[in-house]
Structure formats: structure tokens, C-alpha cells
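Student: Before anything else, here's the structure in question.
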Amino acid sequence: MESIIYSFVSLVSRLHQYFLTWNDTIENSFDDKQLHFIIIGAFGVGLVLAIHPLFLWLSKNNHTMVITFFYVFTVILVLTFAIEIGQGFYGTGTMEFDDVRSGIKGFLTFFAIFLAIRGVIHLIMRGGKSVSKKKNKSKDSGRSDYF
């Protein structure tokens, strides 16, 4: 995890330097904040154009839990880094990548447990659905949208 983060930071640093050099080469007078505005804005829209079709496909194929996972995982990742940065800034603890790794492992473990429980509930409901369908020929599946 630590090597991935360092690789990502290195890549971002090289890209940042590239855009600063490019700005100087074409003799634009964009300052750093204006470059951030343009590049992050364009990158964000590029991500929307790339990810939106994927999420549409996932939702049409009844994979909304995958969308939920992506969103929550992103929030957890940002939150764990914010906590570590806050600890370093305010001196309330030490900034360690192991803490980030532990937090993410905790989320993944709890999410796996949640999925297992959800799977069992779905199996039980499907079993009950087939039995009740045979007896009552009911259209009500008893399925909860929460799980």
C-alpha cells in the first residue's frame, strides 16, 4: 500500500511539473491555481465521461451494491487520509501509512461480513419466495430494498 501511494504521489508530482513546464513553454501566464482549476476540472469531467457509462451498466444489470461500494470506499479512503493528516498537523498522533492500511482493511473486512449476511438473507428470502409462490402464487417476494 505504501509503495502504491508513493508511486501515485511521484506520478502526480511529475505531471504537476510537466504542466508547469508546458505552461512556461507556450508562454501562458496561468498561475498555479489557474492551472489547478483547468486541469482538475478537465480531469474530473474526463472521469465522469469514463465512469458514468460503467455505473449506468452496473445499475441496469442490478449491481447497485458495486456502485455503493465504490462510493463508500472512496469516502473511507479520503477519511482515513484526512485523519492521518490531521494527526500530523495537530500533533494528536503520528502519521503512519499502516494506520490507513488498517482502516481500509477494517472496512473491507466489515463489508465482507455485511455481504455474507446479505447473501444469507437473500438465500432465505428466495427460498421463502419459491415456497410461497407454490402455495399462494403470490407476486410479493418479501424482498427488502435495503439489502
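The values are calculated or read from the model by the stated rules, or taken from the named source; none is laboratory data. Keep in mind that this is a model prediction, so the values were computed, not measured. Note that each Cβ is placed from the backbone with ideal geometry, even for glycine, and that neighbours are counted across all protein chains shown.
Student: Kindly provide the set of residues from segment 20-50 that are part of a helix (DSSP H, G or I), surrounded by fewer than 12 Cβ atoms within 10 Å (Cβ to Cβ) and among the aliphatic types (A, V, I, L, M), ordered by number.
Tutor: Once the filter is applied, which keeps residues that are part of a helix (DSSP H, G or I), surrounded by fewer than 12 Cβ atoms within 10 Å (Cβ to Cβ) and among the aliphatic types (A, V, I, L, M), segment 20-50 yields Ile40, Ala42, Val45, Leu47, Val48, Leu49, Ala50.
Student: Please state which one of Thr94, Thr80, Thr74 is within 22 Å of Tyr6 (Cβ to Cβ), surrounded by 12 or more Cβ atoms within 10 Å (Cβ to Cβ) and in the same structural domain as Gly119 (by TED's automatic domain parsing).
Tutor: When all the criteria are applied, what remains is Thr80.
Student: Kindly establish whether Ser102 is at pLDDT 85 or above, surrounded by 10 or more Cβ atoms within 10 Å (Cβ to Cβ) and either among the hydrophobic types (A, V, I, L, M, F, W, C) or out of contact with any Leu (no Cβ under 7 Å at 6 or more places or on another chain) (or both).
Tutor: Yes.
Student: Contact list please: Cβ distance under 8 Å, first residue in segment 37-62 and closer than 16 Å to Leu15 by Cβ, second residue assigned to a helix (DSSP H, G or I), pairs at least six apart or on different chains.
Tutor: Ile39/Phe19
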